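What follows is a set of notes on a single structure, which appears directly below.
The values are calculated or read from the model by the stated rules, or taken from the named source; none is laboratory data. Given the structure is predicted, the values throughout are model-derived calculations rather than measurements. As a convention, Cβ positions derive from the backbone with ideal geometry for all residues, glycine included, and neighbour counts pool all protein chains shown. The accessibility values were calculated without ligands, DNA or RNA, using every heavy atom of the protein model including side chains. Shrake-Rupley method; radii C 1.70, N 1.55, O 1.52, S 1.80 Å.
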Amino acid sequence: MSREPLWEVFIRSRRGLSHVHAGSLHAADAEMALRNARDVYTRRQEGVSIWVVPASAILASSPEEKDAFFDPAADKVYRHPTFYEIPEGVEHL
Amino acid sequence: MMLTFVTSAVTVVDVYGNDFTAPGDEPTAPSASPAGARPEEPASFVALLESEGRVEPRDEMPEGYRKTLVRQIAQHAHSEIIGMQPEGNWISRAPSLRRKAILMAKVQDEAGHGLYLYAAAETLGVDRADLLDQLHSGRQKYSSIFNYPTLTWADVGAIGWLVDGAAIVNQVPLCRCSYGPYARAMVRVCKEESFHQRQGFEILHTLSHGSDAQKAMAQDAVDRYWWPSLMMFGPPDDDSPNSAQSMAWGIKRFSNDDLRQRFIDMTVPQAEALGLTLPDTAIAWNEERGHYDHTPVDFTELFEVIRGNGPCNEQRLSHRVKAHEDGAWVREAAAAYADKQAARQSHEGAA
Ligand SMILES: [Fe+2]
Ligand SMILES: [Fe+2]
């Protein structure tokens with residue numbers, strides 16, 4: 001019986017961009033996960049840097065609590081610049 | 001062509017993201033609800049579908065939707081990895097180093113496609129090892145197209161051009177599938193597929209402009225792969241019991257016949273460019289319909305192949321099982337090494 005935990009793979013496609021989730025794979029350890037991620041997700045030079053993270057280490061917000069969880073942001077429109085009224089003709093603001 | 005279907009007793013067979021059935025086998029298709037009778041579906045799910053939104057792994061979804069996806073994605077994944085065999089057969093005999101490198105890259109891509117798809121299936125709460133087990137024990141199927149043999153080098157060309165071509169026509173609409181992880185896997189797959197079809201076309205083009213014997217070889221491959229390729233789209237719409245539900249769920253976007261027609265319309269001019277003929281004398285442009293007419297596909301053969309009576313069913317499966325068993329020591333060694341490293345680290349950490 002093999003024991004290959006799941007890893008989530010994040011790839012930086014080029015310098016200046018952040019790592020983005022690309023997919024997942026199974027591997028016995030982190031080093032194997034990294035090598036496999038290279039072979040699976042960057043065969044066409046899709047990346048310049050790879051992160052692998054054990055899927056079990058990720059804590060995700062729950063979709064059921066989606067509304068309650070994100071509610072606090074819903075009534076704070078004043079966080080957006082469009083909320084404010086600026087007199088006609090005022091520039092660079 | 002008359003086919004009567006028993007919709008309650010079916011073996012569902014997925015072909016590169018299509019989902020169809022052979023009459024009279026074991027009962028599956030948990031989701032196939034009679035048209036009109038919508039089962040209870042969570043409101044959040046219905047709302048997502050109505051707004052063309054994507055369903056993500058932890059969202060509420062009907063059990064039938066989940067099961068249909070697991071079955072379809074798993075069988076799609078199985079098709080990708082079994083599909084490595086017919087072409088893998090020619091890697092060591094490719095006619096040049098260039099062709100060999102290309103073929104290896106293509107076959108490796110198919111392994112990758114399998115991996116993306118198994119990963120997508122796992123987001124639905126199933127285990128990859130379990131899915132492989134179901135493939136190996138024959139409880140889940142793979143695309144029937146891979147039960148045909150690759151007799152000549154030209155078959156490698158015909159597979160790339162026709163089989164990957166048909167797969168692309170099936171897979172492109174799946175990039176808009178309602179289930180997010182499946183759709184994302186398809187985007188990645190479709191990006192990689194286009195070279196597969198082109199390299200096949202190029203092989204056939206080279207052969208059809210070579211010696212008479214080479215041209216005959218190319219024609220023979222096309223003659224053998226044409227009808228099985230058309231069968232990849234599944235039975236005619238009237239005989240496709242699961243299609244309506246899959247369409248309602250946004251898993252499937254176009255009917256089998258529409259996709260088949262699209263493939264034929266694309267392929268006929270390409271065959272002309274190759275200087276090869278398609279083995280159907282009824283193919284003719286229909287001005288009124290704006291499509292090519294063709295002889296209806298005889299599906300008796302397809303269902304025989306699905307039932308396990310194709311030329312290579314046994315060979316494909318036993319090769320797959322053997323490869324898996326032969327690889328056991330590698331998986332065990334990797335696990336043992338990982339354990340040793342982990343033990344060493346925790347020891348060092350404790351010291
Ligand atoms: Fe593929
Ligand atoms: Fe392919």
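Against the condition within 30 Å of B:HIS205 (Cβ to Cβ) and either open to solvent by 10 Å² or more (accessible area, probe 1.4 Å) or away from ligand 2 (no atom under 16 Å from the Cβ) (or both), how does B:ARG99 come out, does it pass? Yes, satisfied. Hey, among the residues in segment B:140-161 that are within 14 Å of ligand 1 (Cβ to nearest atom) and farther than 12 Å from B:ILE203 by Cα, which one's farthest from the other protein chains (Cβ to nearest Cβ)? For segment B:140-161, the residue satisfying everything is B:ILE145. Among the numbered conditions (1) more than 12 Å from ligand 2 (Cβ to nearest atom); (2) assigned to a helix (DSSP H, G or I), the only one that B:ASN170 does not meet is (1).
Each row is one residue, and each column tells you yes or no for (1) under 19 Å from B:ALA158 (Cα atoms); (2) under 22 Å from the mean Cα position of the chain (by Cα); (3) part of a loop (DSSP other than H, G, I, E, B).
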| site | (1), (2), (3) |
| --- | --- |
| B:ALA244 | no, yes, no |
| B:ILE251 | no, yes, yes |
| B:ASP258 | no, yes, no |
| B:ALA273 | yes, no, no |
| B:LEU278 | yes, no, yes |
| B:ALA282 | no, no, yes |
| B:VAL297 | yes, yes, yes |
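Pairing residues of segment B:183-202 that are free of Cβ contacts under 8 Å to residues at least 40 places away in the same chain with residues that are crowded, with 18+ Cβ neighbours inside 10 Å and not in a helix (DSSP H, G or I), at Cβ distances under 8 Å and at least 6 apart in sequence or on separate chains, gives B:CYS190/B:VAL172. When residues in segment A:1-25 are screened for being open to solvent by 80 Å² or more (accessible area, probe 1.4 Å) and β-branched (Val, Ile, Thr), 1 of them pass. Contact map, segment B:278-298: first residue under 15 Å from B:MET231 (Cα atoms), second residue surrounded by fewer than 14 Cβ atoms within 10 Å (Cβ to Cβ) and not charged (D, E, K, R), Cβ cut-off under 7 Å, separation 6 or more or different chains; pairs are B:ASP280/B:THR295; B:HIS294/B:ALA282; B:THR295/B:ALA282; B:PRO296/B:MET1; B:ASP298/B:MET1.
Out of B:ALA119, B:ALA74, B:ALA94, B:ALA129, report the one residue that is more than 14 Å from every other protein chain (Cβ to nearest Cβ), more than 14 Å from ligand 1 (Cβ to nearest atom) and within 27 Å of B:ALA183 (Cβ to Cβ). Of the residues listed, the single one that is more than 14 Å from every other protein chain (Cβ to nearest Cβ), more than 14 Å from ligand 1 (Cβ to nearest atom) and within 27 Å of B:ALA183 (Cβ to Cβ) is B:ALA74. Among residues of segment B:80-109 that are within 19 Å of B:ARG316 (Cβ to Cβ), those with a beta-carbon under 7 Å from a residue that is small (Gly, Ala, Ser) and modelled with pLDDT of 95 or more at least six positions away or on a different chain give the pairs B:GLU80/B:GLY114; B:ILE81/B:ALA111; B:ILE81/B:GLY114; B:MET84/B:ALA111; B:LEU103/B:ALA94; B:VAL107/B:GLY88. Answer yes or no as to whether A:ARG79 is free of Cβ contacts under 8 Å to residues at least 40 places away in the same chain, within 11 Å of chain B (Cβ to nearest Cβ) and either open to solvent by 50 Å² or more (accessible area, probe 1.4 Å) or more than 29 Å from B:LEU48 (Cα to Cα) (or both). For A:ARG79, the condition - free of Cβ contacts under 8 Å to residues at least 40 places away in the same chain, within 11 Å of chain B (Cβ to nearest Cβ) and either open to solvent by 50 Å² or more (accessible area, probe 1.4 Å) or more than 29 Å from B:LEU48 (Cα to Cα) (or both) - is not met.
Given B:GLN341, B:GLN345, which one is surrounded by 14 or more Cβ atoms within 10 Å (Cβ to Cβ) and either more than 30 Å from B:ILE81 (Cα to Cα) or among the hydrophobic types (A, V, I, L, M, F, W, C) (or both)? After ruling out the rest, the residue left standing is B:GLN341.
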